[in-house]
Amino acid sequence: MAIKEEKKLYIETLGCAMNVRDSEHIIAELGDKENYVITSNLQEADLILVNTCSVREKPVSKLFSEIGKYNLQKKEGAKIGVCGCTASHLGKEIFRRAPYVNFVIGARNVSKISTAVNTEKFLSVDIDYDESDYAFGEYRNNLYKAYVNISIGCDKQCTYCIVPHTRGDEISIPSELIVKEAQKAAQKGAKEIFLLGQNVNNYGRRFSSSSHETMDFSDLLNRVSEIQEVERIRFTSPHPLHMDDKFLETFASNPKVCKSMHMPLQSGSTHILTQMKRGYTKEWFLNRALKLRAMIPDVSISTDIIVGFPGESEADFEETMDVIRQVKFEQIFAFKYSPRPLTKAAEFTNQVDVEIAAQRLERLQSLQDEILDEISERKRDKVYAVYIDELRNSGFLAGRTDNNALVQIKGDEELLGQTINIKITNPKRLSLYGERVL
Ligand code: SAH
Ligand code: SF4
Ligand code: F3S
């Protein structure tokens, strides 16, 4: 086959870690099959891609403002493609609103990218398409920590969430493929493996074929930890409903599994949790979180919270604040509820006034700031083992402690990929600054 002329790809990724990994797959496919190389200069790009997110209204509006701007700035003849979750849910509506777009491919249709770039007005947004066994090429933004998908889609039907409508049903990726991919990344220098799925601790419920070995998420964690070169394992997102004792015990006892747990609370009110169809109560969530704190004194717990879900009263919101006070999360991703097309909650008639939601979000954030000040101040003068995985534009090297605190130091880029001891001299809310100690 004749070698194709080299072309340049500009890619913008919105949304979550799954989208980041999808973009890596796209870059690998286009590199291997179409001879594209990445550029950060929009004007020299032959192809401009936006990998989109739909989870709230904001990233959707961002898509249309971004591609409008790109269409004016692009070089003559350059193509524009839209992929990801908004591509899935808007489909051909994107061509209508932005007729200059050349192709639209949804999440879980990523393997069709090569066909898309070679076809006029290509559209493929099937959420039943099964890519769980597809062997994507190799490309990683960061050599030191590797994202590895363990499932696609999501089987839950949380009433506020569009993801099942953009990523389809949940299918677990065969463990042989996961282990092979983790092994390959680790041999190339990724001492940290980050396992990804919308619902990781539901792993193993369904595979694309019955010939695949079944195992649950705890067994998968243990299996990945047997890879010699892997030093750290992280994962996101687990679901609080599936945090049974076996899972918590594996998490606590496997030394390669980093001691930071994401526990997406969404709301502290059992009434609202029922309306959200989350499947757990406030008491179950607190029981799991406080058990983790008791089992692992150093554990860090992060969470996602939605404020102003339809019907949320002041008393419901206070239940959320109560969970925050009791658990003292190390990190909270909190957003105002955003009604999404195709979801049940968007039809609920008891929507909360946006002003009230904004005030609640502010109150939540100021409580969290107080908690964070206390947590970070406790780290002053302590020494942590930090795996350095990034050189930032600011010139600082950045890395994480085992329990996921972000630490930055001035230092030489030779330290990338190494675990070093750092004494915290300047703890800030969002990042700890320190000095290396030997
Ligand atoms: N599978 C993950 C969540 C993926 S979506 C889980 O269950 O935790 C990431 C986060 O976006 C969710 O945890 C939720 O807090 C937020 N989110 C989802 N839909 C939303 C909506 N309609 N409005 C506001 N936030 C939303
Ligand atoms: Fe959305 Fe719920 Fe699935 Fe998470 S578990 S992706 S919030 S439907
Ligand atoms: Fe992720 Fe956004 Fe899709 S959060 S799953 S990219 S809707």
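Please report, as a whole percent, how much of the solvent-accessible surface of the chain comes from carbon and sulfur atoms (probe radius 1.4 Å). Before the final figure, lay out the partial values.
On the way: 9570 of 19340 Å².
For the chain, the apolar C and S fraction of the accessible surface comes to 49 percent.
Roughly speaking, what is the centre-to-centre gap between region 73-127 and region 383-429 when only Cα atoms are used, to the nearest Å?
39 Å
Using a cut-off of 9 Å between beta-carbons, work out the net charge of the residues near Glu34 (Lys and Arg +1, Asp and Glu -1, Glu34 not included).
Working: positive: Lys4, Lys7, Lys33; negative: Glu29, Asp32.
Taking every Cβ under 9 Å from that of Glu34, the sum is +1.
For region 101-107, take each phi angle, set θ = phi - 60°, evaluate the Karplus expression 6.51 cos²θ - 1.76 cosθ + 1.60, and give the result in whole Hz per residue in order, putting x for glycine and proline.
Using θ = phi - 60°, the values come out as 5, 8, 8, 9, 10, x, 4 Hz.
Ranked by accessible surface with a 1.4 Å probe, highest first, in what order do His212, His165 come?
Working: His212 30, His165 55 Å².
Listed by decreasing accessible area, they come as His165, His212.
I'd like the distance between the alpha-carbon centres of region 29-46 and region 131-154, rounded to an integer number of Å.
Each part's Cα centre sits 19 Å from the other's.
Can you tell me the mean projection area, over all orientations, of the convex hull of region 35-157's alpha carbons? Units nm², please.
Details: hull surface 35.5 nm².
The number I arrive at for region 35-157 is 8.9 nm².
Roll a 1.4 Å probe over the protein chains and send me the accessible area per residue for the chain in Å². Spell out each step's value before the answer.
Working: 19340 Å² over 438 residues.
Accessible surface, normalised per residue, equals 44 Å².
Ignoring ligands, DNA and RNA, how do Val179, Val37, Val257 rank by accessible area with a 1.4 Å probe, largest first? Walk me through the intermediate numbers first.
Values: Val179 25, Val37 50, Val257 0 Å².
So, going from the largest accessible area down, we get Val37, Val179, Val257.
When ranked by the protection proxy of mean other Cβ atoms within 10 Å per residue, highest first, what sequence do the peptides 392-399, 27-34 form?
Values: 392-399: 14.4, 27-34: 18.8.
Per-residue Cβ counts within 10 Å, averaged per peptide and sorted highest first, yield 27-34, 392-399.
Of the listed peptides 352-364, 137-149, what is their order by residue-averaged count of other C-beta atoms within 10 Å, with the highest listed first?
Numbers: 352-364: 15.2, 137-149: 18.2.
Packing order, densest peptide first, comes out as 137-149, 352-364.
Relative contact order for the chain using alpha-carbon pairs under 8 Å, separation at least 6, rounded to a whole percent? If you can, show how the numbers build up before the last one.
Details: 896 pairs, mean separation 43.2, N = 438.
Relative CO of the chain lands at 10 percent.
For Glu355 and Ser40, compute 0.36 nm times the residue count separating them, minus their Cα-Cα distance, and round to one decimal in nm.
Details: separation 315, 0.36 × 315 = 113.40 nm, distance 3.87 nm.
Length gained between Glu355 and Ser40: 109.5 nm.
With the cut-off at 41 Å, report for the chain the share of all Cα pairs above it, as a whole percent. Mind showing how you got there, number by number?
Details: 15730 of 95703 pairs.
Every Cα pair in the chain considered, those over 41 Å come to 16 percent.
Rounded to the nearest 5, what % of DSSP beta bridges with both residues in region 383-436 are antiparallel? Can you show the working numbers first?
Details: 20 of 22 bridges.
Taking every DSSP beta bridge within region 383-436, about 90 percent pair in antiparallel fashion.
Starting with the highest mean, order 258-267, 426-435, 109-118 by the number of other Cβ atoms within 10 Å, averaged over the residues of each peptide. Intermediate results must be reported in sequence, preceding the final value.
Details: 258-267: 22.5, 426-435: 15.7, 109-118: 20.1.
Ranked by mean Cβ neighbours within 10 Å, highest first: 258-267, 109-118, 426-435.
Counting pairs of alpha carbon atoms under 8 Å apart in space and at least six apart in sequence, what relative contact order in percent does region 7-124 give? Write down the numbers at each step before the final one.
Numbers: 216 pairs, mean separation 29.5, N = 118.
Relative contact order comes out at 25 percent.
The values are calculated or read from the model by the stated rules, or taken from the named source; none is laboratory data. Keep in mind that what you see is a predicted model, and the values were worked out from it rather than measured. Note that each Cβ is placed from the backbone with ideal geometry, even for glycine, and that neighbours are counted across all protein chains shown. Note: accessible area is taken over every heavy atom of the protein model, side chains too, but ligands, DNA and RNA are not part of it. Shrake-Rupley method; radii C 1.70, N 1.55, O 1.52, S 1.80 Å.
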